[in-house]
Every structure is written in C-alpha cells, then in structure tokens.
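Nothing in this text is a laboratory measurement; each read-out follows from the coordinates by a stated rule. Predicted model, so just to flag it, every value in this text is computed and none were measured. All Cβ positions, even for glycine, are placed from backbone atoms using ideal geometry, and neighbour counts span all protein chains on display.
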Amino acid sequence: MPSDFDRQTSKHDADSSGVGTAGLGCPSEQRSTQEPNQRRRAFLATSLAAAAGLALWHLRARRVVEAVSAAASGPKEVTVVLFSDAGERLKKVTIEKVVKTDAEWRKQLDSNAFDITRRADTEIAFTGKYWNLHDKGIYRCICCDNALFDSATKFESGTGWPSFWQPIAKENVHQSADSSLGMDRIAVSCTECDAHLGHVFDDGPRPTGLRYCMNSASLRFVKRV
Ligand SMILES: [Zn+2]
C-alpha cells in the first residue's frame, strides 16, 4: 500500500544501513546513537503499515455490510414470498424485517457463518457443504429461514461455490453495488434479514444468463421429500 508509512520505512531502512547517510547530512556519531531508535521506529512504522493495511481490508469488506445496513435503517417492513419446504410458492407477505445485534447473531451462528453473513466475508472455494450437492430441495437463509433458491435452478459453475441462475423469488433477495477488494461486483443479500449471501454475475447459463454465486455458509438446505 503506497503511503507515508512506506516512505518512512524506506527512509529508516536506508538510515540504519548507512546508505545515503551523507546525502541526508547526518553526522556519523549521531547516526550510531540513533540507530536503535531508528530501527524501532522503522519496525513500528512497518507494524503500523501492516495494521493500516489490515484495517483497510476490513473497511472494504465492511462496505457491503454498511451499504446493506443503510438500507436496513430505511424500511422496517419488507415484502417477501413465502415457500413451503416442498418448494411450493405460498403467498407474498409484508413482514417486519429481522434485526438482531451482533451478539445475538454470534449466539445463533458459528463464526464462519457470522463472518460471511454479517461481515460480507467469502468462504474458500470447494470448502462449503453445498457446491457439489445435487439433491432436490430449497435453500433457505441460515439467519432467518427466508426461502432463497430452488435446486431446480442450481447448475455446475465449476467455481467451487453453489451457483444458481435465479433466486426462488426476486422479492426474497436484495442486490447492491459492491466495490470492495478492488472489484466492481453486485452483492446479493437476504431481503428479510440483510444476510450477505454472495454475488451475482452475468456469465451464467440460459435462460437468465445470470450466475448467483453463493456461500454455502449463508444457506440451509431443506431436502424435498
Ligand atoms: Zn435472512
């Protein structure tokens, strides 16, 4: 990350090795007494740069959550379509949005599901429990049980994440711009509770041409019996 920290670090490195000392006009006696200090400062600057980088990464990852939270602070009620566990479309309802504190979500979710749904993290490809699942059924939100996808629209994307060409009902998911990690993507979240689910891309199969690239950890599969 180009920053003042980097420049500071390079300068101190040059100082402590003696390179470029003349150019800096630093008397040698003074240099020798300053070296330990400079090393400490260089180390501190490096540590700060690393911490700043980490903070920036978290900041970027949190943008999706914040965008979603901004939406959450708007309407307290949302409209979703209810589905039975058999995948039968029941009715469209307007219900109160599910809002919980981080402590409440942490109690309900394991740390992986919390990081993904509430902090917009992404699971490692080919590690989730649903990317290679071919059973018939529906996928509900791990946080609030809102119906999200039907296995009838699941396809082999080869990405290592469960992929669908459309949600079970357009009302049940929310899309928002996500520019985190230096990419322009469209994040997909649960309408009912704002859980981050994954992203949608336009390189999917027919009939929609869309690829809803989801995190297994955001979903709960209900097998059709
Ligand atoms: Zn949800």
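Grab the other residues whose beta carbon is less than 13 angstrom from that of K76, score K and R as +1, D and E as -1, and report the net.
Working: positive: K97; negative: E77, E96, E192, D194.
The answer is -3.
Using a 10 Å cut-off around each Cβ, can you sort V188, V98 from fewest to most neighbouring Cβ atoms?
The most exposed by this proxy come first: V98, V188.
Please compute the modelled spin-label separation between D202 and T159, points set 7 Å along Cα→Cβ, answer in nm with one decimal.
In this crude label model, T159 to D202 measures out at 1.5 nm.
In the stretch 94-129, which residues have a backbone nitrogen under 19 Å from the label point lying 7 Å from L181's Cα in the Cα-to-Cβ direction?
Flagged as within label range: 111-129.
Would you mind ranking H134, H196 by Cβ crowding within 10 Å, fewest neighbours first?
If I rank by nearby Cβ atoms, fewest first, I get H134, H196.
Exposure proxy check: F149, F201, F155, F83 ranked by fewest other beta carbons within 10 Å?
Values: F149 27, F201 16, F155 13, F83 21.
Lowest to highest Cβ neighbour count: F155, F201, F83, F149.
Counting only C-alpha contacts under 8 Å and six or more residues apart, can you give the relative contact order of the stretch 75-223 as a whole percent?
Computed value for the stretch 75-223: 26 percent relative contact order.
Tally Lys/Arg at +1 and Asp/Glu at -1 over every other residue whose Cβ is under 12 Å from the Cβ of R211; what's the total?
That works out to 0.
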